[in-house]
Amino acid sequence: QQQVKQSPQSLIVQKGGISIINCAYENTAFDYFPWYQQFPGKGPALLIAIRPDVSEKKEGRFTISFNKSAKQFSLHIMDSQPGDSATYFCAASVGRRALTFGSGTRLQVQP
Amino acid sequence: GAGVSQSPRYKVAKRGQDVALRCDPISGHVSLFWYQQALGQGPEFLTYFQNEAQLDKSGLPSDRFFAERPEGSVSTLKIQRTQQEDSAVYLCASSLGTGGADWGYTFGSGTRLTVV
């Protein structure tokens, strides 16, 4: 059972544009929603995270928007740069232990 | 150390062979997790340790998979009688605490296992 559905599978954005990645979850017990960035040959690295009592969180160019009633959350990357080209994973957990990951979005930012 | 260290980086095993994958977490990190990442997919949870106690092994796909962390630091994931479907990147992650507002993992770079 895929508990976290992520879209799109791949995304091409021009430099300076906004990248938007969406995730939807099923388990209402999830209480922690992080986003991870992964470069080829590396492990995922935590980018930004949110808890369900907050509707938006911003850190630099990265923003998470969270809609508890719709069971959806999204990552917005403002002013996208070629260095942002990577695979992005949303995830969710209950009690901040085991993470359930989405299937990933391969982002390519064209110069 | 500065990060989570995994060894070997690459492992090729013949079908039926046993393998052992090692994880050195960040010093002092209480929690340790193993994940399996198939090509083009997100990581999938295998097992979780808090210090030396294995608190959750619900993600281990079969009894051929076994993990241990006997002294609460280094962990080993062992796969017996490897099968082709075991081919994946095995990721280890550690975390300082067991919860909290700013909880987050640090992942290692993984071990890429190829079963031929």
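The values are calculated or read from the model by the stated rules, or taken from the named source; none is laboratory data. Bear in mind the structure is a predicted one, so any value in this text is a computation, not a measurement. When we count neighbours, we look across all protein chains shown, and the Cβ atoms used for this are built from the backbone with ideal geometry, even at glycine. For accessibility, only protein heavy atoms count, side chains too; no ligands or nucleic acids. Shrake-Rupley method; radii C 1.70, N 1.55, O 1.52, S 1.80 Å.
Filtered by the rule that a residue be open to solvent by 80 Å² or more (accessible area, probe 1.4 Å), within 17 Å of B:D24 (Cα to Cα) and charged (D, E, K, R), the range B:51-80 gives B:E52, B:E71.
Condition first: open to solvent by 30 Å² or more (accessible area, probe 1.4 Å), touching a Phe, Trp or Tyr at 6+ places or on another chain (Cβ under 8 Å) and away from chain B (no Cβ under 14 Å). Can you find one or more residues in the range A:49-57 that meet it? Yes, that holds for at least one residue. A:V4 falls short on exactly one of the conditions (1) of a type in the set (V, I, T); (2) over 12 Å from the mean Cα position of the chain (by Cα); (3) farther than 14 Å from A:L107 by Cα, and that condition is (2). Remark: pairs (first residue in the range A:29-58, closer than 21 Å to A:A98 by Cβ; second residue among the basic types (K, R) and open to solvent by less than 50 Å² (accessible area, probe 1.4 Å); Cβ separation under 6 Å; 6+ apart in sequence or on different chains) = A:Y32/A:R96.
For every residue, the table says whether it meets (1) under 14 Å from the mean Cα position of the chain (by Cα); (2) more than 11 Å from every other protein chain (Cβ to nearest Cβ); (3) not β-branched (V, I, T).
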| site | (1), (2), (3) |
| --- | --- |
| A:F39 | no, no, yes |
| A:G43 | no, no, yes |
| A:L46 | yes, no, yes |
| A:S74 | yes, yes, yes |
| A:D79 | no, yes, yes |
| A:D84 | yes, yes, yes |
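Here the range B:62-78 is the region considered, the condition is being without any contact (Cβ under 8 Å) to a residue 24 or more places away in the chain and in contact with a Leu (Cβ under 8 Å, 6 or more places away or on another chain), and the residue that is nearest to B:H29 (Cα to Cα) is B:F66. Inside the range B:41-50, residues that are open to solvent by 40 Å² or more (accessible area, probe 1.4 Å) and closer than 30 Å to A:T105 by Cα make up a count of 2. Take A:T63 and decide whether it is outside any helix (DSSP H, G or I), farther than 20 Å from B:G40 by Cβ, open to solvent by less than 50 Å² (accessible area, probe 1.4 Å) and not aliphatic (A, V, I, L, M). Yes, satisfied. Taken together, the residues in the range B:22-38 that are within 11 Å of chain A (Cβ to nearest Cβ) and more than 11 Å from the chain's Cα centre (by Cα) amount to 2.
If I filter the range A:7-38 down to residues being part of a loop (DSSP other than H, G, I, E, B) and more than 17 Å from A:R106 (Cα to Cα), which single residue comes out as least open to solvent (accessible area, probe 1.4 Å)?
Filtering the range A:7-38 for residues part of a loop (DSSP other than H, G, I, E, B) gives A:8-9, A:15-18, A:26-31.
Remaining after also requiring more than 17 Å from A:R106 (Cα to Cα): A:16, A:26-31.
On the way: A:G16: 43, A:E26: 77, A:N27: 48, A:T28: 109, A:A29: 52, A:F30: 15, A:D31: 45 Å².
For the range A:7-38, the residue satisfying everything is A:F30.
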